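The values are calculated or read from the model by the stated rules, or taken from the named source; none is laboratory data. In this text the structure is predicted, and so the values were computed from the model without any measurement. All Cβ positions, glycine included, derive from the backbone under ideal geometry; neighbour counts span all protein chains shown.
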Amino acid sequence: MYPGTHARERADQAAFIMASTGESVCYAEYEARTNRLAHLLRARGLGRLDHYAIFMENNDRYLEACGAGERAGLYYTCVNSYLTAPELAYVLNNSTSKLLITSRACRDVAIEAARDCPGLRFGLIVDGTGDDGLFADFEAATLGFPGTPIGDECLGTPMLYSSGTTGRPKGILRPLDDVPPGDLLPVFSFLNRLWHYREGLTYLSPAPLYHSAPQASVNLAIRNGGTVIIMEKFDPEQYLSLVERYRVTHSQLVPTMFNRMLKLPAEVRSRYDLSSLEIAIHASRADASVRIRNYCSGGWAGRGRGTGPGGRRAV
């Protein structure tokens, strides 16, 4: 989620728009926000290859929470916002996260989990404060830092967790060379070509940003100078209306979302102009792939995973 030269060349273009409110954050503001948070992370002692975690719903601070780590050489773990406090504490401890970013909606669970995480040094709450001295208001904490890049920028990346179907969840730890943040890891270079991303695309994100596919999709959209429309939660008719309103070109969905759209009355489905949509990506069974043809022609791909040594997974 590193904007690179787009922060200058597309300074006034929307980097992302929140679907429910229409709130828009331009590339220049997104650049400044990620820089301020990167400075805070350094000030709190997080150096290259350190870890921090993000535990919140889709909101207007989520992308910068990821983008700061991506330009500071850090691993950031996006955690399922529906986890319980013990489940969250396990991920925080297992990932050796030193800082936790959460929201008012997830505040109580985050504070409870933090009590069992001795390695956690600091916390930030979007639109709220804590009650035990560990957590601070996100905006107030970052406000005093400069909106210019840190002096030692380097590439960071997500370290996400498996679902834990064969034991406890495992972190997916990718090797991370000391390279500029504008570089792409091989897996993202591959996906960029596979998904036919292009400069200036408009991407609609209907899924929780803590999942791996939305993470990769939104990341590449920002790196291509696109505009991302972020749905706070999926609604089938709203999805169709957003495609029409913003002339969406790319999106990533799961089969359940296609099913919910197909269950809409025919007159509702035919109400919206979806001709702008070029590519829709999803990963599941082949029978669900056929259903996409009701909406557009495009490409879709699956993901492969392999188990590595220890408590984490290697891809």
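Listed here are the residues, each with its yes/no results for (1) surrounded by fewer than 16 Cβ atoms within 10 Å (Cβ to Cβ); (2) modelled with pLDDT under 50; (3) within 26 Å of the chain's Cα centre (by Cα).
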| residue | (1), (2), (3) |
| --- | --- |
| Ser251 | no, no, yes |
| Lys263 | yes, no, no |
| Ala266 | yes, no, no |
| Ala286 | yes, yes, no |
| Gly311 | yes, yes, yes |
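Does the range 66-111 hold any residues that are of a type in the set (Val, Ile, Thr) and touching a Ser or Thr at 6+ places or on another chain (Cβ under 6 Å), and which are they?
Once the filter is applied, which keeps residues that are of a type in the set (Val, Ile, Thr) and touching a Ser or Thr at 6+ places or on another chain (Cβ under 6 Å), the range 66-111 yields only Thr77.
Could you tell me how many of the residues in the range 120-172 are part of a strand (DSSP E or B), hydroxyl-bearing (Ser, Thr, Tyr) and at pLDDT 95 or above?
Residues in the range 120-172 being part of a strand (DSSP E or B), hydroxyl-bearing (Ser, Thr, Tyr) and at pLDDT 95 or above: 1 in total.
Read through the list (1) in contact with a strand residue (DSSP E or B) (Cβ under 9 Å, 6 or more places away or on another chain); (2) farther than 10 Å from Phe55 by Cβ; (3) of a type outside the set (S, T, N, Q), then give the number of the only condition that Leu92 fails.
The one condition Leu92 does not meet is (2).
Mind listing just one residue for me: the one in the range 205-243 that is crowded, with 21+ Cβ neighbours inside 10 Å and among the aromatic types (Phe, Trp, Tyr) and, of those, nearest to Glu267 (Cα to Cα)?
Looking at residues that are crowded, with 21+ Cβ neighbours inside 10 Å and among the aromatic types (Phe, Trp, Tyr), I get Tyr239.
What pairs come out if I take residues in the range 24-48 that are more than 16 Å from Pro181 (Cβ to Cβ) and pair them with residues that are among the polar types (S, T, N, Q) and at pLDDT 95 or above whose C-beta lies under 7 Å away, six or more apart or interchain?
Filtered contacts from the range 24-48: Cys26/Gln13; Leu40/Thr142.
Conditions tested, residue by residue: (1) within 22 Å of Leu63 (Cα to Cα); (2) touching a residue at least 40 places away in the same chain (Cβ under 8 Å); (3) assigned to a loop (DSSP other than H, G, I, E, B).
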position	(1), (2), (3)
Leu176	yes, yes, yes
Leu184	yes, no, yes
Val187	yes, yes, no
Arg193	no, no, no
Tyr197	yes, yes, yes
Ala207	yes, yes, yes
Ile229	yes, yes, no
Gln238	yes, yes, no
Ser276	no, yes, yes
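Taking the options Glu153, Glu139, name whichever one is among the acidic types (Asp, Glu) and closer than 26 Å to Leu185 by Cβ.
Checking each option against the conditions leaves just Glu153.
Identify, please: which residue in the range 64-96 is of a type in the set (Phe, Trp, Tyr) and touching a residue at least 60 places away in the same chain (Cβ under 8 Å) and is, among those, farthest from Leu184 (Cα to Cα)?
Tyr90
If the requirement is being touching a Ser or Thr at 6+ places or on another chain (Cβ under 6 Å) and loosely packed, with under 15 Cβ neighbours inside 10 Å, which of these qualifies: Arg198, Arg168, Arg247?
Arg247
So, of the residues in the range 190-242 that are more than 24 Å from Ser162 (Cα to Cα) and among the aromatic types (Phe, Trp, Tyr), which turns out to be modelled with the lowest pLDDT?
Filtering the range 190-242 for residues that are more than 24 Å from Ser162 (Cα to Cα) and among the aromatic types (Phe, Trp, Tyr), the one modelled with the lowest pLDDT comes out as Tyr197.
Tally time: how many residues in the range 262-286 are more than 25 Å from Met1 (Cα to Cα) and in contact with a Phe, Trp or Tyr (Cβ under 7 Å, 6 or more places away or on another chain)?
Counting residues in the range 262-286 that are more than 25 Å from Met1 (Cα to Cα) and in contact with a Phe, Trp or Tyr (Cβ under 7 Å, 6 or more places away or on another chain) gives 1.
Would you check which residues across the range 115-134 are under 22 Å from the mean Cα position of the chain (by Cα) and of a type outside the set (Val, Ile, Thr) and list them?
Within the range 115-134, Leu120, Phe122, Gly123, Leu124, Asp127, Gly128 qualify.
For the range 212-223, which positions are touching a residue at least 60 places away in the same chain (Cβ under 8 Å) and of a type outside the set (Ser, Thr, Tyr)?
Ala213, Gln215, Val218, Asn219, Ile222, Arg223
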